[in-house]
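Participant: Take this structure, written in structure tokens, and hold onto it; I'll ask about it next.
The values are calculated or read from the model by the stated rules, or taken from the named source; none is laboratory data. Here the structure is a predicted model, which is why all the values come from computation and not from measurement. Don't worry about glycine lacking a Cβ; one is built from the backbone with ideal geometry, like all the others, and counts go over all protein chains shown.
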Amino acid sequence: MLEDRLNAMKGDLVEAIRAVVRIPSVGGAEEEGAPFGRGPREALDWTLEHAKKMGFRTKNVGNVAGWAELGSGDEMVAVLGHLDVVPEGDGWSAGPWSGELKDGMIWGRGVLDNKGPVMVALYAAKALFDEGIALRRRIRVIFGTNEERGSKCMKHYVESGEELPSAGFTPDADYPIIYAEKGILSYTLSLPFASSGKMAVTSLSGGVAANVVMGEVRAEISDPREHCRKKILGLAAKWKGPEGSALSAEEDGEKVRLVMKGHPAHGSRPEEGLNALACLADFMGGLKLKGDQGDFFRTFSELVGYETNGQALGVAVQDDVSGPLTLCVGTVTAKKDRVAFTVNIRHPVTMNADQLDEPLRAALDKKGVTVDSFSATAPLYMPPETRLIQVLQKVYEEETGQKAELLAIGGGTYAKTMPNVVAFGPVFPGQTYKIHEEDERWAVEDIMKNLSIMAKVLLELSR
Ligand SMILES: [Zn+2]
């Protein structure tokens with residue numbers, strides 16, 4: 001019985017996950033033979049070696065990706081996962097690189113995102129072959145090492161002509177099934193920022209990344225006139241922004257330092273955050289700064305401000321499959337008479353980049369805003385009637401007894417890197433396993449549920 005074989009794999013699977021979690025595979029600087037750093041390369045080598053020992057045919061694809069395959073047939077079905085991880089950060093109650101087993105869970109950075117699921121896929125495929133089930137298609141587990149920093153690994157896989165799957169999934173998001181992923185437009189925009197007049201912004205910077213809502217921005221205003229500095233301090237003390245915002249101001253010689261706090265949120269859900277630059281622009285409006293600097297804060301408030309739907313930019317669109325367009329302001333930096341900020345847009349799956357880029361550029365142009373850089377990632381949409389979606393739904397419902405709802409998300413997973421793939425699992429609805437946070441962990445019970453689901457999906461897709 002397949003079920004018995006899967007259960008008997010528990011010990012080996014748990015040990016394999018613990019072993020690969022112990023490799024600190026945070027992306028880093030390029031080294032000889034390791035384009036994304038030493039750690040990701042080590043995790044790649046370990047996984048290829050382990051798969052080989054399990055009986056897979058393997059290949060290292062340019063030291064950035066790899067695959068392990070079983071079976072025969074013209075077509076191939078695939079599971080896509082990644083071996084690189086985000087930095088461990090602080091505050092762990094178990095060693096982040098320990099792979100410790102406690103309270104029925106494996107603890108460590110990457111256990112769920114995403115090394116654990118890669119191991120589960122290998123064992124699920126192996127179980128089908130050990131069971132001697134006749135399959136018409138090959139099963140390939142494809143693993144990359146740059147998912148957290150741009151998925152250049154999968155780009156390399158595709159561009160170097162490696163085989164593409166006839167169907168597949170990436171267990172690197174949530175259950176049930178993600179059939180739609182919004183398109184992404186990333187802009188860096190800039191405006192003149194020369195100072196004129198005695199009151200001048202001498203420093204401005206905020207945000208941590210383009211895909212995170214700016215949670216904090218710092219500015220320094222210099223003014224040789226004491227009464228003007230006092231006025232800024234007075235206005236700051238009285239300023240009342242939207243709920244959740246906070247402004248602090250302190251005098252330092254001829255300068256006033258401002259720290260404006262908003263609230264960070266993931267770039268795909270900006271409506272859950274509060275953009276600190278919008279708050280600051282709001283406050284600056286009251287200072288009557290002259291010239292370029294005053295114009296910048298005014299223009300920003302007019303074109304973006306607190307909006308997260310692109311209304312003032314003329315791109316507030318939506319569709320029934322994936323909902324409204326969202327807009328996230330991530331970072332801002334002033335340098336040498338110019339100020340630049342990033343805008344990260346997630347647009348509905350039924351539209352393409354050009355339909356939005358054109359009106360947006362027209363709106364920017366009218367206000368003298370320059371586009372310094374632009375990139376677009378196409379949306380993904382897998383219609384519910386495709387066989388892949390039907391198989392995933394059937395297996396998920398049989399295995400969990402829950403309805404397999406189809407989800408649309410604003411994010412971008414590996415599913416976008418090649419055709420015929422969607423994100424499926426490994427996190428069940430309602431679970432919080434602290435991905436990208438301290439104490440990332442995965443219950444052995446859920447690992448085994450995932451093993452069973454993956455084995456049955458691979459069986460259905462490959463027979
Ligand atoms: Zn991931």
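Participant: Could you tell me whether residue 327 is in the same structural domain as residue 291 (by TED's automatic domain parsing), modelled with pLDDT of 95 or more, under 18 Å from residue 266 (Cβ atoms) and surrounded by 14 or more Cβ atoms within 10 Å (Cβ to Cβ)? Spell out how you get there, then give the answer.
Facilitator: Values: in the same structural domain as residue 291 (by TED's automatic domain parsing): yes; modelled with pLDDT of 95 or more: yes; under 18 Å from residue 266 (Cβ atoms): yes; surrounded by 14 or more Cβ atoms within 10 Å (Cβ to Cβ): yes.
In short, yes.
Participant: Kindly provide the set of residues from segment 212-238 that are touching a residue at least 60 places away in the same chain (Cβ under 8 Å) and under 32 Å from the mean Cα position of the chain (by Cα), ordered by number.
Facilitator: Step one: filter segment 212-238 for residues touching a residue at least 60 places away in the same chain (Cβ under 8 Å), giving 212-217, 219, 221.
212, 213, 214, 215, 216, 217, 219, listed by residue number.
Participant: Can you pull out every residue in segment 169-179 that is part of a strand (DSSP E or B) and within 16 Å of the ligand (Cβ to nearest atom)? Please lay out each step first, then the result.
Facilitator: As a first pass, look at segment 169-179 and keep what is part of a strand (DSSP E or B): 169-170, 173-174, 177-179.
Hits for segment 169-179 are 169, 170, 173, 174, 178.
Participant: Now for a different question. Being hydrophobic (A, V, I, L, M, F, W, C) and out of contact with any strand residue (DSSP E or B) (no Cβ under 7 Å at 6 or more places or on another chain) is the filter; apply it to segment 437-453 and report the residue that is surrounded by the fewest Cβ atoms within 10 Å (Cβ to Cβ). Show your work before the answer.
Facilitator: Step one: filter segment 437-453 for residues hydrophobic (A, V, I, L, M, F, W, C), giving 442-444, 447-448, 451, 453.
Those still in the list that are out of contact with any strand residue (DSSP E or B) (no Cβ under 7 Å at 6 or more places or on another chain) too: 447-448, 451, 453.
Working: 447: 23, 448: 17, 451: 22, 453: 24.
My answer is 448.
Participant: Does residue 223 count as in the same structural domain as residue 250 (by TED's automatic domain parsing) and modelled with pLDDT of 95 or more?
Facilitator: On the way: in the same structural domain as residue 250 (by TED's automatic domain parsing): yes; modelled with pLDDT of 95 or more: yes.
Yes: the conditions hold for residue 223.
Participant: Would you be able to say whether some residue in segment 27-42 is in contact (Cβ under 8 Å) with a residue 12 or more places away in the chain, of a type in the set (Asp, Glu) and in contact with a Lys or Arg (Cβ under 6 Å, 6 or more places away or on another chain)?
Facilitator: Looking through segment 27-42, none of the residues is in contact (Cβ under 8 Å) with a residue 12 or more places away in the chain, of a type in the set (Asp, Glu) and in contact with a Lys or Arg (Cβ under 6 Å, 6 or more places away or on another chain).
Participant: Pick out the one residue from 244, 197 that is touching a residue at least 60 places away in the same chain (Cβ under 8 Å) and part of a loop (DSSP other than H, G, I, E, B).
Facilitator: Details: 244 fails: touching a residue at least 60 places away in the same chain (Cβ under 8 Å).
Sole residue among the options that is touching a residue at least 60 places away in the same chain (Cβ under 8 Å) and part of a loop (DSSP other than H, G, I, E, B): 197.
Participant: Say we look at segment 378-436 and pick out the residues that are small (Gly, Ala, Ser) and buried (at least 17 other Cβ atoms within 10 Å of the Cβ); which of these is farthest from the ligand (Cβ to nearest atom)?
Facilitator: The initial filter retains those residues of segment 378-436 that are small (Gly, Ala, Ser), namely 378, 401, 404, 408, 410-412, 415, 423, 425, 430.
Keeping just the survivors that are buried (at least 17 other Cβ atoms within 10 Å of the Cβ) gives 404, 408, 410-412, 415, 423, 425.
Numbers: 404: 21, 408: 18, 410: 15, 411: 10, 412: 11, 415: 12, 423: 10, 425: 12 Å.
Ranking the candidates gives 404 first.
Participant: Let me ask something else about it. Search segment 92-115 for residues being touching a helix residue (DSSP H, G or I) at 6+ places or on another chain (Cβ under 8 Å) and closer than 30 Å to residue 138 by Cβ, and hand back the single one that is nearest to the ligand (Cβ to nearest atom).
Facilitator: 114
Participant: Does segment 180-194 hold any residues that are basic (Lys, Arg) and not in a loop (DSSP other than H, G, I, E, B), and which are they?
Facilitator: Taking segment 180-194 as the starting set, the residues that turn out to be basic (Lys, Arg) are 182.
Result: no residue meets the conditions.
Participant: If you don't mind, another one. Confirm whether residue 430 is free of Cβ contacts under 8 Å to residues at least 12 places away in the same chain and in the same structural domain as residue 7 (by TED's automatic domain parsing).
Facilitator: Values: free of Cβ contacts under 8 Å to residues at least 12 places away in the same chain: yes; in the same structural domain as residue 7 (by TED's automatic domain parsing): yes.
The answer is yes for residue 430.
Participant: Look through segment 138-168, keep the residues that are surrounded by fewer than 20 Cβ atoms within 10 Å (Cβ to Cβ) and among the basic types (Lys, Arg), and return whichever of them is nearest to the ligand (Cβ to nearest atom).
Facilitator: Here the answer is 149.
Participant: Go through segment 235-252 and give me each residue that's surrounded by 11 or more Cβ atoms within 10 Å (Cβ to Cβ) and not aliphatic (A, V, I, L, M). Spell out how you get there, then give the answer.
Facilitator: Here is the first cut: in segment 235-252, the residues surrounded by 11 or more Cβ atoms within 10 Å (Cβ to Cβ) are 235-236, 239, 241-242, 244-251.
Scanning segment 235-252 gives 239, 241, 242, 244, 245, 248, 250, 251.
Participant: May I ask you to list the residues in segment 63-91 that are surrounded by fewer than 18 Cβ atoms within 10 Å (Cβ to Cβ) and away from the ligand (no atom under 16 Å from the Cβ)? So that I can check it myself, show each step before the final result.
Facilitator: Keep residues of segment 63-91 that are surrounded by fewer than 18 Cβ atoms within 10 Å (Cβ to Cβ), which gives 72-75, 86-91.
Correct list: 72, 73, 74, 75, 90, 91.
Participant: If you don't mind, another one. Residue under question is residue 23, and the condition is that it be out of contact with any strand residue (DSSP E or B) (no Cβ under 7 Å at 6 or more places or on another chain), crowded, with 17+ Cβ neighbours inside 10 Å and β-branched (Val, Ile, Thr); does it hold?
Facilitator: Working: out of contact with any strand residue (DSSP E or B) (no Cβ under 7 Å at 6 or more places or on another chain): yes; crowded, with 17+ Cβ neighbours inside 10 Å: yes; β-branched (Val, Ile, Thr): yes.
Yes: the conditions hold for residue 23.
Participant: Also, quick follow-up: Return the residue satisfying two criteria in turn: it lies in segment 90-115 and is assigned to a strand (DSSP E or B) and either in contact (Cβ under 8 Å) with a residue 60 or more places away in the chain or among the small types (Gly, Ala, Ser) (or both), and of such residues it is farthest from residue 173 (Cα to Cα).
Facilitator: If we filter segment 90-115 for residues that are assigned to a strand (DSSP E or B), which is where we start, we get 101-102, 105-107.
Filter once more, keeping what is either in contact (Cβ under 8 Å) with a residue 60 or more places away in the chain or among the small types (Gly, Ala, Ser) (or both): 101, 105-107.
Details: 101: 23, 105: 19, 106: 18, 107: 18 Å.
Going through the qualifying residues, I end up with 101.
Participant: How many of the residues in segment 366-404 are more than 17 Å from residue 462 (Cβ to Cβ) and of a type in the set (A, V, I, L, M)?
Facilitator: 7
Participant: Scanning segment 116-137 for residues that are charged (D, E, K, R) and part of a helix (DSSP H, G or I), which turns out farthest from the ligand (Cβ to nearest atom)? Before the answer, list the steps.
Facilitator: Taking segment 116-137 first, the residues charged (D, E, K, R) are 126, 130-131, 136-137.
Narrowing the set further to residues that are part of a helix (DSSP H, G or I) leaves 126, 130.
Working: 126: 23, 130: 28 Å.
Residue satisfying both the conditions and the ranking: 130.
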